[in-house]
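First up is the structure itself, then whatever we jot down about it.
The values are calculated or read from the model by the stated rules, or taken from the named source; none is laboratory data. Bear in mind the structure is a predicted one, so any value in this text is a computation, not a measurement. Cβ placement follows ideal geometry from the backbone for every residue including glycine, while neighbour counts extend to all protein chains displayed. Ligands, DNA and RNA are stripped out before the accessible areas are found, and what is left, the full protein with its side chains, is counted by its heavy atoms. Shrake-Rupley method; radii C 1.70, N 1.55, O 1.52, S 1.80 Å.
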Amino acid sequence: MTWLDLPADTPFGLANLPYGVFVRDDDRPRVGVRIGDSVLDLAAALDDPTFARSSLNEFLAQGRARWTEVRSRVRELLTDARHRDAVTPLLVPLAEVRLLLPVEIGDYVDFYASEQHASNVGRMFRPGAEPLTPNWKHLPIGYHGRSGTVVASGTPIVRPSGQRKAPADPAPTFGPSRRLDIEAEVGFVVGTGSRLGEPVALKDFPEHVFGVCLVNDWSARDLQAWEYVPLGPFLGKSFATSVSPWIVPLDALEEARVAPPARDPEPLPYLRDGDEHWGLDLTLEVRLNGHVVARPPAATLYWTAAQQLAHMTVNGASLRPGDLYASGTVSGPEREQFGSLLELSWAGETPIELPDGGTRTFLEDGDEVTITATAPGPDGTRIGFGEVTGRVDPAR
Ligand code: CA
């Protein structure tokens with residue numbers, strides 16, 4: 001029990017304790033832990049300059065034993081009433097802070113782990129062909145994204161311009177994307193790095209991955225459809241990727257671990273997860289201008305983050321603290337579980353109806369998209385992930 005006065009159903013209770021970077025007034029950015037609707041100033045609470053930083057990277061690099069030690073110290077500070085007088089002044093109301101990008105992003109990789117999403121996109125982008133490519137069930141498909149354009153939640157998204165060409169068009173044209181979209185994803189933040197040339201085994205996932213956030217992989221479908229063959233996503237994705245401000249540590253997600261779907265065919269040995277069940281039972285919620293348009297279930301993802309990590313390093317590619325990789329669009333089997341407008345509107349054929357009478361196929365200027373998520377915590381509690389939000393600004 002905490003000595004703080006928290007609602008019993010808060011998704012930011014003692015079982016969660018996610019990390020972020022906050023700034024108050026003209027102060028310098030600092031690392032904090034969220035409890036309820038406050039941020040604990042960690043540098044002051046632990047008297048540790050590791051946390052008087054504008055990113056979590058130094059802490060991430062310290063490794064799992066240290067992550068466990070800090071988490072347990074924070075719990076002690078928030079539960080033992082003897083610390084109340086000293087800690088209370090170090091709790092800053094969320095309303096008084098600005099939350100920044102919590103991690104200086106190293107490399108960024110985006111995967112494609114949802115069978116439903118990959119099948120839906122296959123049907124739309126390659127009509128008449130098999131929805132899944134022949135490699136899809138043998139390896140977690142991914143691409144390297146642009147880490148320099150990973151932005152904090154709340155950063156406006158300028159509509160990208162580029163080459164667009166529908167299949168029936170005789171030639172490409174240039175201009176603002178007409179098919180600007182979102183992808184609701186789960187992000188994984190690497191803490192401990194690895195050595196070049198040495199693969200990271202699937203079972204070592206919790207030694208290397210620190211925690212989980214939410215990702216919106218903004219996507220310009222018209223740019224993407226014209227450019228993606230033969231080398232995959234490029235300018236249709238690289239203009240912006242938004243992440244949520246709170247990194248929920250893996251330690252907070254023990255109750256959320258679930259067995260992933262059965263794999264058929266059985267993957268090669270380095271991708272077999274046996275009892276290392278790193279499926280995660282996050283339920284995402286996607287809101288467009290405040291209206292819920294989808295609730296994608298991450299538990300349905302075919303490939304887990306542990307398999308993705310093993311695959312990403314199996315060639316000897318090394319990890320660095322602050323690397324980020326994302327699950328790929330989370331889409332469940334039902335229409336209301338699709339994690340992109342491309343799927344929700346079926347490539348624009350069936351517009352989404354909004355409660356105010358409006359409809360959408362793809363995003364219009366001024367539209368705001370917010371993705372939130374919760375997962376099961378211990379004793380019937382919920383673990384919250386906060387939100388990743390962004391509004392579309394007109395093309396420049
Ligand atoms: Ca994506």
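Go through the range 130-169 and give me each residue that's part of a helix (DSSP H, G or I) and either modelled with pLDDT under 95 or under 30 Å from Asp273 (Cβ atoms) (or both).
Within the range 130-169, Ser147 is the sole residue that qualifies.
Sort out which residues of the range 130-150 are more than 14 Å from the ligand (Cβ to nearest atom) and not basic (Lys, Arg), and write them in order of number.
Selection gives Glu130, Pro131, Leu132, Thr133, Pro134, Asn135, Trp136, His138, Leu139, Ser147, Gly148.
Can you confirm whether the range 260-275 contains a residue that is closer than 27 Å to Gly386 by Cβ and either in a helix (DSSP H, G or I) or touching a helix residue (DSSP H, G or I) at 6+ places or on another chain (Cβ under 6 Å) (or both)?
Scanning the range 260-275 turns up no residue that is closer than 27 Å to Gly386 by Cβ and either in a helix (DSSP H, G or I) or touching a helix residue (DSSP H, G or I) at 6+ places or on another chain (Cβ under 6 Å) (or both).
Regarding the range 213-226, can at least one residue be identified that is surrounded by fewer than 18 Cβ atoms within 10 Å (Cβ to Cβ), assigned by TED's automatic domain parsing to the domain that holds Ala168 and away from the ligand (no atom under 16 Å from the Cβ)?
The answer is no, given that none of the residues of the range 213-226 is surrounded by fewer than 18 Cβ atoms within 10 Å (Cβ to Cβ), assigned by TED's automatic domain parsing to the domain that holds Ala168 and away from the ligand (no atom under 16 Å from the Cβ).
So that you can scan it fast, the table gives a plain yes or no per residue for (1) within 16 Å of the ligand (Cβ to nearest atom); (2) surrounded by fewer than 18 Cβ atoms within 10 Å (Cβ to Cβ); (3) not in a loop (DSSP other than H, G, I, E, B):
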| site | (1), (2), (3) |
| --- | --- |
| Ser72 | no, yes, yes |
| Arg75 | no, yes, yes |
| Pro89 | no, yes, yes |
| Ala95 | no, yes, yes |
| Val103 | no, no, no |
| Gly106 | no, yes, no |
| Asn120 | yes, no, yes |
| Gly128 | no, yes, no |
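Assess whether Glu334 counts as being within 30 Å of Asp356 (Cβ to Cβ) and either open to solvent by 10 Å² or more (accessible area, probe 1.4 Å) or not assigned by TED's automatic domain parsing to the domain that holds Ser54 (or both).
Considered against the rule, which asks whether it is within 30 Å of Asp356 (Cβ to Cβ) and either open to solvent by 10 Å² or more (accessible area, probe 1.4 Å) or not assigned by TED's automatic domain parsing to the domain that holds Ser54 (or both), Glu334 comes out as yes.
Taking the residues in the range 278-329 that are open to solvent by less than 30 Å² (accessible area, probe 1.4 Å), in a helix (DSSP H, G or I) and not small (Gly, Ala, Ser) as candidates, determine which candidate is nearest to the ligand (Cβ to nearest atom).
By that ranking, first place goes to Gln308.
Just checking, which of Pro127, Pro49 is closer than 25 Å to Leu324 by Cα and not charged (D, E, K, R)?
Pro49
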